[in-house]
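For reference, the structure is listed below as C-alpha cells.
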Amino acid sequence: PTMAVIAEKCPEIQINVIDLNLERIDLWNSEDLDKLPIYEPGLDEIIKKCRGLNLHFSNDLEKNISKADIIFISVNTPTKKKGLGAGKASDLKWVEACARQVALFSVGHTVVVEKSTLPVRTAEVIKSILQVSVKLNTSVKTFDVLSNPEFLSEGSAIEDLMFPDRVLIGGDNEKAIDLLSNIYSNWVPENKILRTNIWSSELAKLTA
C-alpha cells in the first residue's frame, strides 16, 4: 500500500516492489484485481492506474537492487521460536537477509529505509551488515540507513497514507532524510513530516 500511494502521488518516480515469492508477484500482476494478495479499500484502483507505468512487481532481486537509489525493507518479523528470547523477542532473520542482499547487489550510494515494526537498534544491525560488505568489497559502495515506520490501520491503510497524522523519519544524515522527506512532501504538509534520530524513530513506533 505504501509503495502504491507513493507511485500515485509521485508519477516521476519509478517504484519496483520485489518479492522472492513468484506466486505472490504473479498475483500482484494479475489482470483480475480481486486476486491481489492484500485487500485494502482503494488499493486496487491505484494498482490499476499505476501498474506498468511507474509501479512494477518483480522477483528479480539483483537487477532491481542494483539500480535502486532508495530501498525500503518491509518484511515479516515473527517472534523467535528458539534461542535467546524465544517466545518474546523478534526474529530478525528476514531483515538481516534483506540487508545482506542489499549489501551484495547494490551499486554506488544507496539509502536503506527500515519500514517494518522492529526492536529499537535494528537499524544498527542493518548498518553493521552493510559496513562489513563495504570493507570486503573492492567496488565503491556507500549506504545511509533511515527509519521510517508505518502508522497504518488494517482496513484504512490507503486513507492513512493519503492523509497521515505524521510521517516519521529517523536518521543520522540530513541529505538522506531530505531525500525521503522530498518524496512525502509531494502530498504531506511539511509540518507533519517529523525528523529525528534513528533510535527515537524506532522507539516512537513501538510506543505508538
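The values are calculated or read from the model by the stated rules, or taken from the named source; none is laboratory data. Here the structure is a predicted model, which is why all the values come from computation and not from measurement. All Cβ positions, even for glycine, are placed from backbone atoms using ideal geometry, and neighbour counts span all protein chains on display. Heads up: the accessible areas ignore ligands, DNA and RNA and are worked out on the full protein's heavy atoms, side chains in. Shrake-Rupley method; radii C 1.70, N 1.55, O 1.52, S 1.80 Å.
Given the options 95, 113, name the one that is at pLDDT 90 or above, within 15 Å of the chain's Cα centre (by Cα) and open to solvent by less than 40 Å² (accessible area, probe 1.4 Å).
Exactly one residue qualifies, and that residue is 113.
Here are 180, 161: which of them is open to solvent by less than 70 Å² (accessible area, probe 1.4 Å), part of a helix (DSSP H, G or I) and under 15 Å from residue 70 (Cβ atoms)?
Exactly one of 180, 161 is open to solvent by less than 70 Å² (accessible area, probe 1.4 Å), part of a helix (DSSP H, G or I) and under 15 Å from residue 70 (Cβ atoms), namely 180.
Among the listed residues 186, 191, identify the single one that is open to solvent by 50 Å² or more (accessible area, probe 1.4 Å), over 23 Å from residue 104 (Cβ atoms) and part of a loop (DSSP other than H, G, I, E, B).
Result of the check over 186, 191: 186.
Which residues, taken from the range 20-60, are part of a loop (DSSP other than H, G, I, E, B), closer than 21 Å to residue 152 by Cα and in contact with a helix residue (DSSP H, G or I) (Cβ under 8 Å, 6 or more places away or on another chain)?
36, 37, 40, 41, 42
Might you let me know whether the range 185-204 holds any residue that is over 23 Å from residue 4 (Cα atoms), at pLDDT below 85 and touching a Phe, Trp or Tyr at 6+ places or on another chain (Cβ under 8 Å)?
no
Could you say which residue among 13, 47, 38 is at pLDDT 95 or above and surrounded by fewer than 17 Cβ atoms within 10 Å (Cβ to Cβ)?
13
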